[in-house]
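Here the structure comes first, spelled out in structure tokens, and everything after it is commentary.
The values are calculated or read from the model by the stated rules, or taken from the named source; none is laboratory data. These figures come from a predicted structure and were not determined experimentally. All Cβ positions, glycine included, derive from the backbone under ideal geometry; neighbour counts span all protein chains shown.
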């Protein structure tokens, strides 16, 4: 009874609301996606309720587990790059029978655990050169492997995890300025020698949003039309013209937020956003009350990655950011993402239970 009483049911219900919103939108646009997503949600909530009873802290505190999980995720990324087939032009998924798994999601989970342990023990000296170099080393391995798939969106999210942990640990102004200069040089070199033409087109299309309306900017323009035509209450279930007539691409994944707003209006969009912010608020509260630095950094790391996904996805749906294929956490279709987030939430719930006793 104590476990049930101290379980963070507000956080759980917030995730349940996002799941319902996702399933309603998928039931309207694709019944096949609906049933598959329902299975993923059932598995995810079983993980949250069941795995939150495990002694995650003792397991995560063991270097063999932390780094074993990290190197296993790296191995899966290597295997995904060695395969010959692609899905939507990238090698982001591994096939297991009829199932697909995205190793980048496991890499995010593993890196959060590794960096949380790393920075929780070195947060006072996080900006020392050797600590920056070592933590960046662990980050760049999955970043590079994901980037050559090529999935630059996920690569930037993984890099963002490291940057977030570094900033949470304090700021050294001189090293920060140096890092910004290096970042500008790296971006310049990527643009000149590594980015493919279609990737450059996405960036230039973002800068000039009205150019090439039938090409690189088609997705964003259709997303804006779906959101802009919804009104306050929306067009109703199954009545979203951009979604139902297939004008809005990736309505189940990258642009599910736009598809949801088209049928449920600005009211539905605000409700979903407020629900997500409530989830983040509860996470921050759990992180603040956590009993040790390791737990604090894990909670803040999970919150960080969810916020990065949220802002990038919302930004691309509204045309404020380039389209990078980043999903809306726990709303967009995707089994790998849902299961990864569920494991992370179960760890947070365990931290909450420990801090309640």
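See the values below:
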{"quantity": "Exclusive hit being out of contact with any strand residue (DSSP E or B) (no Cβ under 6 Å at 6 or more places or on another chain), buried (at least 20 other Cβ atoms within 10 Å of the Cβ) and at pLDDT below 80, set 129, 205", "calculated": "205"}
{"quantity": "Residue in the range 64-84 that is in a loop (DSSP other than H, G, I, E, B) and either modelled with pLDDT of 85 or more or touching a helix residue (DSSP H, G or I) at 6+ places or on another chain (Cβ under 7 Å) (or both) present", "calculated": "no"}
{"quantity": "Residue 15 vs. criteria within 19 Å of the chain's Cα centre (by Cα) and assigned to a helix (DSSP H, G or I)", "calculated": "yes"}
{"quantity": "Every residue from the range 283-322 that is under 21 Å from residue 163 (Cα atoms) and assigned to a loop (DSSP other than H, G, I, E, B)", "calculated": "321, 322"}
{"quantity": "Residue satisfying all of: in the range 145-156; in a helix (DSSP H, G or I) and modelled with pLDDT under 90; surrounded by the most Cβ atoms within 10 Å (Cβ to Cβ) among these", "calculated": "154"}
{"quantity": "Residue 26 within 20 Å of residue 336 (Cα to Cα) and either surrounded by 16 or more Cβ atoms within 10 Å (Cβ to Cβ) or over 21 Å from the mean Cα position of the chain (by Cα) (or both)", "calculated": "yes"}
{"quantity": "Looking only at the range 222-263, and only at residues there that are without any contact (Cβ under 8 Å) to a residue 40 or more places away in the chain and not in a loop (DSSP other than H, G, I, E, B), the one that is farthest from residue 315 (Cα to Cα)", "calculated": "241"}
